[in-house]
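Down below is the structure, laid out as structure tokens.
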Amino acid sequence: MRVGIDQIGFYTPNKYVDMVDLAHARQEDPDKYLIGIGQSQMSVADQTQDAVSMGINATQFYLKRIERQRVGLLIFGTESGVDQSKSASLFVKSALKLPPEVRTFEVKEACFGMTAGVMIARDYVRLHPHQTAIVIGSDIARYGVGSGGEVTQGAGSVSLLIAAEPRILAINEGHSAFSQDINDFWRPNGMATALVDGKYSTQVYLDFFTQTFKQYKKLKGWQTSDFTALAYHLPFTKMGLKANRLAVAGQAEVTKTRLEKNFTAAAQYGRTVGNIYTASLYLSLLSLLENKKLQPDNKIGLFSYGSGAMGEFYSGQVVSGYERQLDVVQDQKMLARRQRLTVAQYEQVFNNALLDPSDGLELTSDEQVGYWYFAGTKGQVRQYRQV
């Protein structure tokens with residue numbers, strides 16, 4: 001029995017800022033952002049979008065294609081939680097009217113949280129093959145207007161359905177993991193923006209990739225040339241590019257060319273959405289699947305990294321007919337629908353979103369019909385509504 005990804009849903013907010021506009025406003029050479037960082041656009045969440053609403057929106061895209069009564073587990077990976085006690089997954093479960101028997105909880109370990117959820121879900125389905133599991137990664141990356149990390153912000157969510165005999169990607173046996181207690185990135189209680197040591201975090205990311213990739217190949221008895229593509233957690237495109245360069249170093253030209261071209265395909269969505277923390281790796285996977293024609297049983301390597309720090313490498317194999325489970329047109333329409341903000345507008349939207357609305361104030365959304373949004377609080381209870 002194979003277990004893996006059966007469905008993928010994606011959501012990003014309806015506003016963005018262009019990196020050329022931002023570079024000019026910050027008196028920087030645009031190539032510093034476009035090439036040096038590798039980003040061209042950055043999604044911006046307003047006050048009506050949070051981790052929960054984005055997670056609902058990402059999941060609802062495939063709900064009509066699945067048997068809801070088979071869902072037995074719902075895991076929400078995030079570092080943008082909305083409550084110190086109540087799981088974000090309960091809001092999603094309620095909004096989407098999933099069965100009351102669903103076991104549900106939230107997972108946190110920086111950007112690794114969604115991968116932790118995938119591994120738990122995989123093992124759950126192995127024991128309960130007649131049931132499925134939903135795993136959501138949803139985050140808003142915030143460092144602050146004018147901060148050193150400003151260009152590596154973003155917002156979005158990816159939702160996966162994990163099932164037996166999956167129709168998109170079968171997860172292979174085995175993984176390699178590596179963790180250390182370090183401070184390359186963190187967000188203390190009471191802070192709406194994160195703290196990061198950018199150069200240190202990049203080096204740790206590359207070290208963890210090297211360690212886990214090497215361990216995984218040894219575990220499986222595989223070579224780099226066995227992989228059709230490598231998908232990475234992408235806080236910004238250049239970081240993954242550096243890891244990919246390490247992967248292809250010393251490889252035959254055919255392997256080097258294949259992995260480089262497929263990296264470009266996998267980075268396409270992240271380059272325009274920005275950093276979405278827990279969901280970033282899975283946005284890379286979606287981008288690869290929708291922007292590159294893959295063959296059945298092609299091996300896809302996946303590198304997950306969460307600061308603080310936790311790294312893991314695992315792999316999956318493409319399932320024949322995977323294209324029929326994707327909605328490329330919908331995903332491209334979602335990106336195209338976004339409103340381009342001026343830098344002044346972006347700054348206002350960003351800073352306003354850092355503030356909690358007064359209790360009892362009802363928020364309205366400018367999203368398209370059908371999308372969910374955060375509508376404010378009543379008696380300090382969060383309210384979610386559909387446009």
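Kindly write out, for the stretch 37-50 in residue order, the coupling ³J(HN,Hα) from the Karplus curve 6.51 cos²θ - 1.76 cosθ + 1.60 (θ = phi - 60°), rounded to whole Hz, with x marking Gly and Pro.
9, x, 10, 10, 9, 8, 5, 10, 8, 8, 5, 8, 10, 9
Which ³J(HN,Hα) values in Hz, rounded to whole numbers, follow from the phi angles of the stretch 329-343 under the Karplus curve 6.51 cos²θ - 1.76 cosθ + 1.60, where θ = phi - 60° and Gly and Pro get x?
Per residue, the Karplus-derived 3J(HN,Hα) values read 4, 4, 5, 6, 5, 4, 5, 6, 6, 5, 8, 7, 8, 5, 4 Hz.
Add +1 for every Lys or Arg and -1 for every Asp or Glu among the other residues with Cβ under 15 Å from the Cβ of Asp356, and state the total.
Local net charge: -2.
Below 17 Å, Cα to Cα, which lysines can Lys220 reach? Residues fewer than 8 away in the same chain don't count.
Correct list for Lys220: Lys299.
What are the residues whose amide H is under 5 Å from the amide H of Arg103, where those residues sit 5 or more places off or on another chain and H is modelled from the backbone?
Leu73, Leu74
Regarding the chain, what are the three Cα extents along the principal axes, ordered largest first, in Å?
Computed over the Cα atoms, the extents are 59, 54, 41 Å.
Using a cut-off of 10 Å between beta-carbons, work out the net charge of the residues near Asp226 (Lys and Arg +1, Asp and Glu -1, Asp226 not included).
Net charge in that neighbourhood comes out at +3.
Based on the Cα atoms of the stretch 87-231, what semi-axes does the equivalent ellipsoid have, where each is the square root of 5 times one gyration tensor eigenvalue, given in whole Å with the largest first?
The three semi-axes for the stretch 87-231 are 28, 25, 13 Å.
Could you size up the charge dipole of the chain around its Cα centre, putting +1 on the beta carbon of Lys and Arg and -1 on that of Asp and Glu, and report it in debye to the nearest 20?
With Lys and Arg at +1 and Asp and Glu at -1, about 1000 debye.
I need the phi-derived Karplus couplings for the stretch 55-64: 6.51 cos²θ - 1.76 cosθ + 1.60, θ = phi - 60°, integer Hz, Gly and Pro marked x.
My calculation for the stretch 55-64 gives x, 4, 5, 5, 7, 5, 5, 10, 4, 6 Hz in order.
Relative contact order of the stretch 172-320, please, whole-number percent, based on alpha carbon pairs below 8 angstrom and at least 6 residues apart.
It rounds to 34 percent for the stretch 172-320.
What translational diffusion coefficient, in µm²/s and rounded to a whole number, does the Stokes-Einstein relation yield for the stretch 42-136 at 10 °C and a viscosity of 1.306 mPa s, taking the hydrodynamic radius as the Kirkwood radius over Cα pairs?
The diffusion coefficient I find is 116 µm²/s.
If you take all C-alpha pairs in the stretch 340-387, what percent of them are over 16 Å apart?
Tail of the P(r) past 16 Å holds 51 percent of the pairs.
Give, as a single signed number, the net charge of other residues whose beta carbon lies under 12 Å from the beta carbon of Gln325, with Lys and Arg counted +1 and Asp and Glu -1.
-1
Let's test the formula: R0 of 25 Å, r as the Cβ-Cβ distance of Ser358 and Asn183. What FRET efficiency results, to the nearest 0.05?
After rounding to 0.05, the efficiency reads 0.10.
So what is the orientation-averaged projected area of the stretch 172-320, using the convex hull of its C-alpha atoms, in nm²?
The directionally averaged projection comes out at 9.1 nm².
None of the figures in this text is laboratory data; all of them are computed from the coordinates on show. Quick caveat: nothing in here was measured; it's all calculated off a predicted structure. Cβ: placed from backbone, ideal geometry, glycine included. Neighbour counts: every protein chain shown.
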